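Below is one structure, written out as structure tokens, with a few remarks after it.
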Amino acid sequence: MQPMDVDISCKLAGIPLSCCLLNASGPRSKSFEQLAAVAGSWSGAVVSKSATLNERLGNDLPRYTEVPLGDRTASVNSEGLPNHSLSFYTEALVRLREVSPKPFILSISGLSLDENLQMLDYLEQSSARAHLSAVEVNVACPNVPGKPLVGYDLPQLAEVVRRISEHRLFRDRVLGLKLPPYLDAPFFDQVANMLNPLARAKGGSLGYVVCCNTLGSALAVDVDSEATVLHPKGGFGGAGGALVRLLALGNVRHFRQRLDASIAVVGCGGVASGEDAFALILCGATCVQVATQHHIEGSRCFQRIAAELQQLMRRKGYLSLADFRGKLRVAAKL
Ligand code: RRO
């Protein structure tokens, strides 16, 4: 049971989350057993590994490594979208529903707009549809050979989000969008201008964005062997964990300042403690996803981080997330 004095529940685009911490798509979210472990944890929702229409084995091994950064840990991965297929995750959702009432968010990452639309057609017809809280469309996977990242190609991104957001499935289901980390102010302006007309408050279906996926083109180098640590794609991969924590804070803040209030911003990047989660919420995050730390620690991380967040809130005299969400102040001029 959560202590009741400090409330860390929230609503994500109308979806009630008992805890503002949830797993990120990717780590420990591929098999049924992993999803069941998340369902049985303190995670506020269950988020699946990004699905494609057909099963994918992913890239060759080695494809994941961790690199210490001070007392934190960065990760680099080149998984290559391994997953058991869309139909597997819809069946998993139905099985999970028998044991857990927790919101289920299905991540999809088609290799083309057409594949994404086909997956949405499938979901529309599926009996699992009623149990599906949201579909999180991932436009930010850096690791599929020969597939440049949609989220950095703004004309393509505009076409993809427009066509997806118009899909019938989203008449009564929430659309989420997982974005790559952006690094320069014009991107935040252009992406926010693209997304705002799709806001639920404006009759659209876009309920939230996740800021952010891993940062591509990272390279872990082994000095002893003088070789890359990972094998696929010449050793390049997406950096996560400690390496993207500050970028996630910046991306959340930038998007919260620009997006329509009805589009929630979900923070994701390097969260390993209650303080890390607090900082993202202070920047405007509605809730917080945990990726690398979930990979390292397993599903018990949600309860530990939640307890740390509650302890911090208690110390500061905050009773709910609304007491500090988005209230980051800029340092005073010296
Ligand atoms: O599977 C992956 O290689 C992967 C995906 Br789909 C993603 O969205 N982000 C990432 O770092 N890896």
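Just so you know, all these numbers are worked out from the coordinates, no wet-lab data involved. From a predicted model like this one, the values you see are computed outputs, not experimental measurements. Virtual Cβ from ideal backbone geometry, glycine too; neighbours counted across all protein chains shown.
What per residue convex hull volume, in Å³, comes out for the chain when only alpha-carbon positions are used?
Given the Cα convex hull of the chain, per-residue volume reads 140 Å³.
Set the Förster distance to 25 Å, then compute FRET efficiency between Ala261 and Arg162 from the Cβ-Cβ distance, nearest 0.05.
0.75
Between Cys287 and residues 5 or more places away or on another chain, which pairs have amide H atoms under 5 Å apart, with H built 1.01 Å from N, and which residues are they?
Close amide H contacts, sequence-distant or interchain: Gly267.
In deg cm²/dmol and to the nearest 500, what is the mean residue ellipticity at 222 nm of the chain if only DSSP H runs of at least 4 residues count, each as -39500 (n - 2.57), divided by the residue total?
-9000 deg cm²/dmol
Can you tally the net charge around Ala277? Count Lys and Arg as +1, Asp and Glu as -1, for every other residue whose Cβ sits under 13 Å from the Cβ of Ala277.
Result for the neighbourhood of Ala277: 0.
Starting at the first residue of the stretch 265-278, write each ³J(HN,Hα) from the Karplus equation 6.51 cos²θ - 1.76 cosθ + 1.60 with θ = phi - 60°, in whole Hz, x for Gly and Pro.
With coefficients 6.51, -1.76 and 1.60, one gets 10, 9, x, 8, x, x, 7, 10, 8, x, 5, 4, 5, 4 Hz.
Which of Glu124, Glu226, Glu136 moves most in a GNM of the chain, Cα contacts under 10 Å?
For the chain, modelled as a Gaussian network with Cα springs under 10 Å, the answer is Glu226.
How many nm separate the modelled label positions at Asp121 and Asp189, each set 7 Å beyond the Cα in the direction of the Cβ?
Computed distance between label sites Asp121 and Asp189 equals 4.0 nm.
Name the lysines eligible as straight-distance cross-link partners of Lys327: C-alpha to C-alpha under 16 Å, and not fewer than 8 places from it in the same chain.
Lys316
Residues of the stretch 282-302 with the amide nitrogen closer than 15 Å to a label point 7 Å from the Cα of Asp323, along Cα-to-Cβ, please.
Once the point is set 7 Å along Cα→Cβ of Asp323, 282 turn out to lie under 15 Å by backbone N, inside the stretch 282-302.
Quote the FRET efficiency, to the nearest 0.05, computed for Phe32 versus Glu275 with a Förster distance R0 of 30 Å and r equal to the Cβ-Cβ distance.
About 0.35, to the nearest 0.05.
Report, in debye and to the nearest 20, how large the dipole of the chain comes out about its Cα centre when Lys and Arg carry +1 and Asp and Glu carry -1 on their Cβ.
Around 1060 debye, computed over the chain.
Using a simple spin-label model with points 7 Å from Cα along the Cα→Cβ vector, what separation in nm is obtained for Asp5 and His231?
Distance between label points: 5.4 nm.
May I ask you to list the aspartates and glutamates whose Cα is less than 15 Å away from that of Lys49, ignoring any residue fewer than eight positions away on the same chain?
Glu33, Glu79, Glu91, Glu136
What is the Cα centroid distance between the stretch 208-258 and the stretch 128-150, reported in whole angstrom?
17
Taking the Cβ of Ala39 as the centre, find all other residues whose Cβ is under 11 Å away and add up their charges (Lys, Arg: +1; Asp, Glu: -1).
Charge balance in the 11 Å sphere: +1.
Between Val223 and Arg300, what is the spin-label point distance in nm, taking each point 7 Å from the Cα along the Cα→C-beta axis?
3.4
Under the Karplus relation 6.51 cos²θ - 1.76 cosθ + 1.60, θ = phi - 60°, what is the ordered set of whole-Hz ³J(HN,Hα) values for the stretch 294-303, x standing for Gly and Pro?
Here the 3J(HN,Hα) series is 5, 4, 6, 9, x, 6, 6, 4, 5, 5 Hz.
Over all directions, what mean area does the Cα convex hull of the stretch 79-156 project, stated in square nanometres?
Result: a mean projected hull area of 5.8 nm².
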